[in-house]
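> Here you go, one structure.
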Amino acid sequence: MSPSGGVILYGPPGSGKDTVTTELSSLRPEFALFRRLKAGPGRIAGYRLTTARHIEGLAQAGELLYRNARYEAEYAIDRSEVSALVESGRIPVLHMGQVVGASAVEAFPIHWVKVLLWCPENVTRERCEARGDEDVDARLKAWHDTRQDLLDHAVEPWSLVIRTDQVSAAQAAQAVDEALAAGVPGSVRDIRELVG
């Protein structure tokens, strides 16, 4: 049985991308975290570690859907890994921190449910401290960068917008699963009201 599409979870640090992904996997085993390629320091969980040279080689070969740098590291989303998940009957769940990246991966030809997860800055701080992040200041800078990114792309369509400080991760995952099953398309939301 082939999956019905893929999920893009976009949001600032601490907005619940990991937690919602865990809940999605509990709902249906077909949901699978897409592990981005990473070259550089920092967190290793949830990534496929590689070198900057390897990422550049994939870029030169046209194999990347998106690449970016943050936290002194380089990250990439490669077509072959998305294909491998889809071909094995899985539903890829991609974590994104840039609107342009969330749009870029939609070039892969499956139905994507694009979800904006949001939480206020103080919630990001609390969650990052609680999970033991050693770079909380960098995560808070990324929160501000994400807010500005959203304001700069205020007409970007989203299938869902979820305030993760107002609903549980299980409720968020249920909404994502239902949106995927229904093939919910993206629509423009009032981002300015959301991010303040």
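The values are calculated or read from the model by the stated rules, or taken from the named source; none is laboratory data. Source: prediction; values computed, not measured. Reconstructed Cβ throughout: ideal geometry from the backbone, glycine too, with neighbour counts over all protein chains shown. Note: accessible area is taken over every heavy atom of the protein model, side chains too, but ligands, DNA and RNA are not part of it. Shrake-Rupley method; radii C 1.70, N 1.55, O 1.52, S 1.80 Å.
> Given the peptides 85-98, 181-194, arrange them by the average over their residues of other C-beta atoms within 10 Å, most packed first. Before the final figure, lay out the partial values.
Numbers: 85-98: 19.9, 181-194: 13.0.
Output ranking for 85-98, 181-194: 85-98, 181-194.
> How much of the accessible area of region 1-53, probe 1.4 Å, is carbon plus sulfur, in whole percent? Could the numbers behind the result be given before it?
On the way: 1380 of 2470 Å².
It is 56 percent, rounded to a whole number.
> Then there is this: Can you give me the C-alpha center-to-center distance between region 122-137 and region 38-81, rounded to a whole angstrom?
Cα centroid of region 122-137 versus Cα centroid of region 38-81: 24 Å apart.
> Label Ala52 and Val155 with points 7 Å out from Cα along Cα→Cβ: what is the distance between them in nm?
3.6 nm
> Over region 1-76, what relative contact order in percent results from Cα pairs under 8 Å that are six or more residues apart? Mind dumping the intermediate values first?
Working: 65 pairs, mean separation 17.9, N = 76.
Dividing the mean separation by the residue count of region 1-76 yields 24 percent.
> Below 8 Å, C-alpha to C-alpha, sequence gap of six or more: please give me the relative contact order for the chain in percent.
Details: 336 pairs, mean separation 60.7, N = 196.
Once divided by the residue count of the chain, the mean separation gives 31 percent.
> Right, another one. Between Ala45 and Arg70, 0.36 nm times their residue separation minus their Cα-Cα distance comes to what? Please report the intermediate quantities before stating the final value.
Details: separation 25, 0.36 × 25 = 9.00 nm, distance 1.59 nm.
Roughly 7.4 nm would be gained on extension.
> For region 27-78, give the magnitude of the charge dipole about the Cα centre (Cβ charges: +1 Lys/Arg, -1 Asp/Glu; no others), in debye to the nearest 20.
Using Cβ point charges on Lys, Arg, Asp and Glu, region 27-78 gives about 200 debye.
> Quick one: dipole size for region 1-56, taken about the Cα centre, charges +1 on Lys/Arg Cβ and -1 on Asp/Glu Cβ, in debye to the nearest 20. Please list the in-between numbers first.
Numbers: 8 positive and 4 negative charges, 47 e Å.
So the magnitude is around 220 debye.
> Moving on. Given a Förster distance of 30 angstrom, what is the FRET efficiency for Thr22 paired with Ala138, based on the Cβ-Cβ distance and rounded to 0.05? Walk me through the intermediate numbers first.
On the way: r = 24 Å, r/R0 = 0.79.
With R0 = 30 Å, the Cβ-Cβ based efficiency is 0.80.
> Follow-up. Full-extension gain between Arg79 and Gln166, please, as 0.36 nm times their residue separation minus the C-alpha to C-alpha distance. Let's see the in-between values first.
Values: separation 87, 0.36 × 87 = 31.32 nm, distance 3.44 nm.
Contour length minus Cα-Cα distance gives 27.9 nm.
> Working only with C-alpha atoms, what are the Rg and Dmax values of the chain, expressed in angstrom?
15.9, 44
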